[in-house]
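Each remark here refers to the structure printed beneath this line.
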Amino acid sequence: MNWSWLDWAAVALSGGVVGASELISRYKDAPWAAIKSWPAIVYIAINGAASASALGLMQANDWLAKSHLTQILVAGVSAMAFFRTSFFVVRAGDRDVGIGPSGFLQIFLAAADRSVDRKRASARSDAVAQVMTGVDFSKGMKALPPYCLALMQNVSPEDQDELRKALNDLEERAAEPSVKSLLLGIELINVVGVDVLTTAVKSLGEQIRSLPEV
């Protein structure tokens, strides 16, 4: 069977897309920022290389040799499944650690997470401070979450439940109202993003603003 560089590129691309989609899904407020760090690029490249290697293995052993397209599809899927497999799980402290290919992949995923978090921390802090300035925590707590969720059309029930739990914990937390107002903004940005939160704060206006001190 004759193979061109396009075949190898296609199967590597399929693996890379899966890796990129994993990273993007972890950062709802700025999804494309997740793939701009070097650890993220390495993570995506590993996924692509694994798919290409699987194709080479199939070609060398003439597996599914009668179907060109099937080889490409199976190579992509099998490599993705292999690198997300644990041979067994070990309890380390308060968490389970998978031993196997998935553990190797998790090292780069964790590194990508830390890199993105460091880069996003400053931008998120500045954005929240600007948007939530003057917002009363008690008023904002009642109005902003339902309004932001109403502006969005595709927030999953799971994400909404996680937001409710986070906000319940925030309401019970002992902290200054001004600090809790900023934390409220961060929780909302995690789900709906900066643009939606900014729009919501502007729309609600004085209804959520702190009363001026007399």
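The values are calculated or read from the model by the stated rules, or taken from the named source; none is laboratory data. Here the structure is a predicted model, which is why all the values come from computation and not from measurement. Glycine gets a Cβ as well: all are built from the backbone with ideal geometry, and neighbour counts include every protein chain shown. Ligands, DNA and RNA are excluded from the accessible area calculation, which covers all protein heavy atoms including side chains. Shrake-Rupley method; radii C 1.70, N 1.55, O 1.52, S 1.80 Å.
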Trypsin sites (Lys or Arg not before Pro) within segment 159-214, DSSP loop, no more than 11 other Cβ atoms inside 10 Å: R173
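For the chain, what is the accessible area per residue in Å² when the probe is 1.4 Å? Display every interim value, and only then the final one.
Working: 12880 Å² over 214 residues.
About 60 Å² of surface per residue is accessible.
From the Cα gyration tensor of segment 107-214, with a ≥ b ≥ c the square roots of its eigenvalues, which class applies: rounded if a/c is under 1.5, or else prolate if a/b is larger than b/c, or else oblate?
Working: a/c = 1.73, a/b = 1.46, b/c = 1.18.
Judged from the Cα gyration tensor, segment 107-214 comes out prolate (a/c at least 1.5, a/b above b/c).
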Pairs on different chains or at least eight residues apart, Cα atoms closer than 21 Å: how many lysine pairs in the chain fit? 12
Given a 1.4 Å probe and every protein chain left where it sits, what share in percent of the accessible area of the chain is carbon and sulfur? 60 percent
At a probe size of 1.4 Å, how large is the accessible area of S25, to the nearest 10 Å²? 70 Å²
In segment 131-214, with Lys and Arg counted as +1 and Asp and Glu as -1 at Cβ, which of these residues, A175, S210, I189, has the Cα nearest the positive end of the dipole, that is, farthest along it? S210
K142 versus R173: modelled label distance in nm, points set 7 Å from Cα along the beta carbon direction: 2.2 nm
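Around L204, under 13 Å between beta carbons, what's the net of Lys plus Arg minus Asp minus Glu among the other residues?
Details: positive: K139, K142, K202, R209; negative: D136, E206.
Neighbourhood net charge equals +2.
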Could you state the angle between the C-alpha long axis of helix 68-82 and the longest principal axis of the C-alpha atoms of the chain, as a value from 0 to 90 degrees rounded to the nearest 10? 50 degrees
